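Worksheet for the structure shown next.
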Amino acid sequence: MEVKYSYLEEQFRDHAAIFADLDKLIQSGDYTLGKPVVEFEEKFAALIGTKYALGVNSGTDALFLSLKALNVGPGDEVITSPNTFIATVGAIVAAGAKPVYVDVTEEFTINPALIEKAITKNTKVIMPVHYAGHPADMKEIVAIAEKHGLKVIEDSCQAIGASVDGRWVGTFGVTGAFSLHPLKNLNVWGDGGMIVTSSEEVRDRLILLRNHGLLNRDEVGIYGYNSRLDSLQAVVGNHLIKDIHVITENRIKWANKLDAALHGYKGCITIPERRTHKRYVFHLYMMRVERRDELLAHLLKNGVDAKVHYPIPMHLQPAAAGQGYKKGDFPVTESQSASLITLPVHQHLSSEQVDYMIEVVKGFYS
Ligand SMILES: *Cc1c(COP(=O)(O)O)cnc(C)c1O
C-alpha cells in the first residue's frame, strides 16, 4: 500500500466548477484586487471572526507586511521560536529586525515561561508560531505582551481553524498571518496569503503597503510593495473555503486515531498531551520517536511518505551564523528536531491507509 504525503491531485480532480468561475473572471478582465478577492476576504474574515482580512501574495508577506504595518525595522527585536519554517524568521530579517529565539514546550510552541527573560528594551513584537497547527498558549503570551507594551503578530500559517478557549487563532494578536500555499490546509493553486486584523488603523496601513502605497491612481501616501493576492487565486479560495471545516475535521479524525494507536507504544513513541481547551488542526502530525532516522527509512521503504519537520532548527542554520546562537541554546527544540517524525494526516486518506501506517510503525518497534 502507498500513503502519499501530497493530496493535491485528488483535491482538485473535479475542478469543473472552479474552471467555470475562472472563465467568467477571464472574460471580465478583473485581474488585480478584483471582485473575487473582495469576496474571499469577506469570507475569510467571517471564518476567522475578525473585522478585516486582506489578501496578499504569500504567508511570508503576510508576516512581513504585518511587521511593516507596526513600524518594526532596524534596531528592533522580534521574539519567536526556533523550530519554525524559515519564512517566520525570513520575514523578521527582511523587515530589518533581529529575530530573538525562545525555546518551545512539548507542544512545539513557544514556552511562555521563558519569554520574559528574552525581552530587552529593543523588543517590539512577540511572534508566536502555531506550529503544526498546534495553537500556542495565547492567553499567557498576550498577558506578557500587555505587561511589557509589546505587540503580538500570530504566525497562523499552519493553523487555519485552530482555537484556544473557542477563539480562533489569528484573533489574539494585532494581526494574524495565514498562508494559502499548496501545502497548507486551505490552498489556492499557487502562492497566496491572508492577513487578519480587527484594527481599522492597521488595516488602512496594510491596504497601502500591499499596493505600492497608492492612495489613488496618482498619489503615493507611503512607500509600499507589490503584494496582492491575485483574483485568479481568490477564485480557487472562494471554492475551497466552503470545505475548510470538513478538511479540518477529517485531519482531526485521523490524528485521534493515530494518537490512540501509537501514544506510548513500547515506550518508543511520545505524542504531546492534547489539551481540552485547544483545537489542534494537524497541519502536520508530529510525534517524538526513538531511532527516528531508522523509522523514517522503514516508513519510506514501506510506501509511507513520512517526513521530518525540520532536522535543523533556525538558530543552527548556516544563515544564522552571525546571530550569536550556538548548539545547546534551545535544548527542547534541539532534542525535538532529532526525534520528531511527521506522518501524513490529510483529509483524503482512507481508514485503511491510516491502519496501514499504524501497522508499519508498530512493526518497526516489534
Ligand atoms: C508556510 C509558512 C509560512 C509562509 O507561508 P508562504 O505562503 O509559503 O510564504 C510562514 N510560517 C510558517 C510557520 C509556515 O508554515
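None of the figures in this text is laboratory data; all of them are computed from the coordinates on show. Please read all numbers here as calculations on a predicted model, not as lab measurements. Counting neighbours? That spans all protein chains shown, and the Cβs are built from the backbone with ideal geometry, glycine included.
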Rounded to 5, the percent of DSSP beta bridges in the chain classed as antiparallel: 65 percent
Using only the Cα atoms of the chain, build the gyration tensor, take square roots of its eigenvalues as a ≥ b ≥ c, and label the shape rounded, prolate or oblate: rounded if a/c is under 1.5, else prolate if a/b is larger than b/c, else oblate. oblate
Gaussian network model of the chain, Cα within-10 Å springs - most flexible of D191, D329, D137: D329
Name the residue, out of P311, P36, P112, whose mean-square fluctuation peaks in a Gaussian network model built on the chain with Cα pairs under 10 Å. P311
C268, C157 arranged by Cβ crowding within 10 Å, fewest neighbours leading: C268, C157
Measure up K327/K362; K184/K278; K51/K278; K139/K362 against 27 Å on the Cα-Cα distance and list the ones that go over. K327/K362; K139/K362
Which of L295, L229, L65 moves most in a GNM of the chain, Cα contacts under 10 Å? L295
Assuming 0.36 nm per residue, please report the length gained on full extension of the stretch H263 to E42 beyond their Cα-Cα distance. 75.5 nm
Residue-wise, which Karplus ³J(HN,Hα) couplings in Hz belong to the stretch 20-35, taking 6.51 cos²θ - 1.76 cosθ + 1.60, θ = phi - 60°, and x for glycine or proline? 4, 6, 5, 4, 4, 4, 5, 5, 7, x, 8, 7, 10, 6, x, 4
Give me the distance in nm between label points sitting 7 Å out from Cα along the Cα-to-Cβ direction at E273 and E2, one decimal. 4.1 nm
Could you pull out every residue, at least 5 positions away or on a different chain, whose amide H is within less than 5 Å of the one on A95? Hs are placed 1.01 Å off N in the peptide plane, and Pro or chain starts have none. none
Work out from phi, with θ = phi - 60° and the Karplus expression 6.51 cos²θ - 1.76 cosθ + 1.60, the ³J(HN,Hα) of each residue of the stretch 87-101, listed in order in whole Hz, and give x for Gly and Pro. 4, 4, 6, x, 5, 5, 5, 4, 6, x, 8, 9, x, 10, 8
Going fewest to most other Cβ atoms within 10 Å around each Cβ, K124, K301, K24 line up as K301, K24, K124
At R0 = 41 Å the Cβ-Cβ FRET efficiency linking I26 and S351, nearest 0.05, sits at 0.55
Per-residue [θ]222 nm for the chain (sum of -39500 (n - 2.57) over DSSP H runs n ≥ 4, rounded to 500): -11500 deg cm²/dmol
Highest first, please rank the peptides 244-257, 40-53 by the mean number of other Cβ atoms sitting within 10 Å of their residues. 40-53, 244-257
If you plug each phi of the stretch 146-157 into the Karplus form 6.51 cos²θ - 1.76 cosθ + 1.60 with θ = phi - 60°, what whole-Hz ³J(HN,Hα) values come out, in order, with x for Gly and Pro? 5, 4, 9, x, 9, 9, 10, 10, 8, 7, 9, 4
Name the long-range amide H neighbours of V304: under 5 Å, sequence gap of 5 or more, or other chain; modelled H, no Pro or chain starts. V3
Length released on extending from V308 to R291, taking residue separation times 0.36 nm less the Cα-Cα span: 4.8 nm
Pairwise FRET efficiency - E146 versus N71, Cβ, R0 = 25 Å, nearest 0.05: 0.85
Residue-span extension gain [V93 to D329] - 0.36 nm each, minus C-alpha spacing: 83.0 nm
